[in-house]
Every structure is written in structure tokens, then in C-alpha cells.
Amino acid sequence: MIERAWEQKIEPLTVRISTAVRITGLSRSRIYELIQSGDLEAVKVGRATLIQYGSLKSLTAVDRLAQS
């Protein structure tokens, strides 16, 4: 099957704190704690704090491995 460029799923590079809360189920304060401890990579752009999406995926992958 030939995939067209606009039909491919594109993962975001970064997400805002509110999105990270929604997709992980963690509280805002826990997200900030993980940023402070270095477990989540974040950047500031103006007033916005953006979390590296790959960092969120890595965090949840590690949690799944630890629970197994």
C-alpha cells in the first residue's frame, strides 16, 4: 500500500504541560518534579514550558519495564 505524506502520523517534537498531564495521567506538580529531577527534558520558549515528546515516551517505557 502506498502511503501519502499527509496520511502519515506525525509525532510532535514537544508538548505543553497540560498535554503531558492529559496523556500521562500525572499531576502538574509531578510533571514539574520530573522536570526538576531531570527525568523529563523540557525547554522554555517565552513563558511556555515545552516537554520533549520523546522524553515522555521514554519515561513511560521505563515505568512499564520496571513493573514487569
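The values are calculated or read from the model by the stated rules, or taken from the named source; none is laboratory data. Quantities reported herein were computed from a predicted structural model and do not represent experimental measurements. Cβ sites come from the backbone with ideal geometry, for glycine too, and all protein chains shown count toward neighbours. Heavy atoms of the whole protein, side chains included, go into the accessibility calculation; ligands, DNA and RNA do not. Shrake-Rupley method; radii C 1.70, N 1.55, O 1.52, S 1.80 Å.
Below are the figures for this structure:
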{"read-out": "Theoretical gain in end-to-end length, ALA48 to GLN8 [0.36 nm per residue, Cα-Cα removed]", "value": "11.6 nm"}
{"read-out": "For LEU50, solvent-accessible area (1.4 Å; no DNA, RNA or ligand), Å²", "value": "30"}
{"read-out": "Summed side-chain charge close to VAL21 - residues other than VAL21 whose Cβ falls under 11 Å, Lys, Arg +1, Asp, Glu -1", "value": "+4"}
{"read-out": "Residue-level accessible surface for LYS44, protein heavy atoms, 1.4 Å, Å²", "value": "130"}
{"read-out": "Difference of contour (0.36 nm per residue) and Cα-Cα distance, ILE17 to THR60", "value": "13.9 nm"}
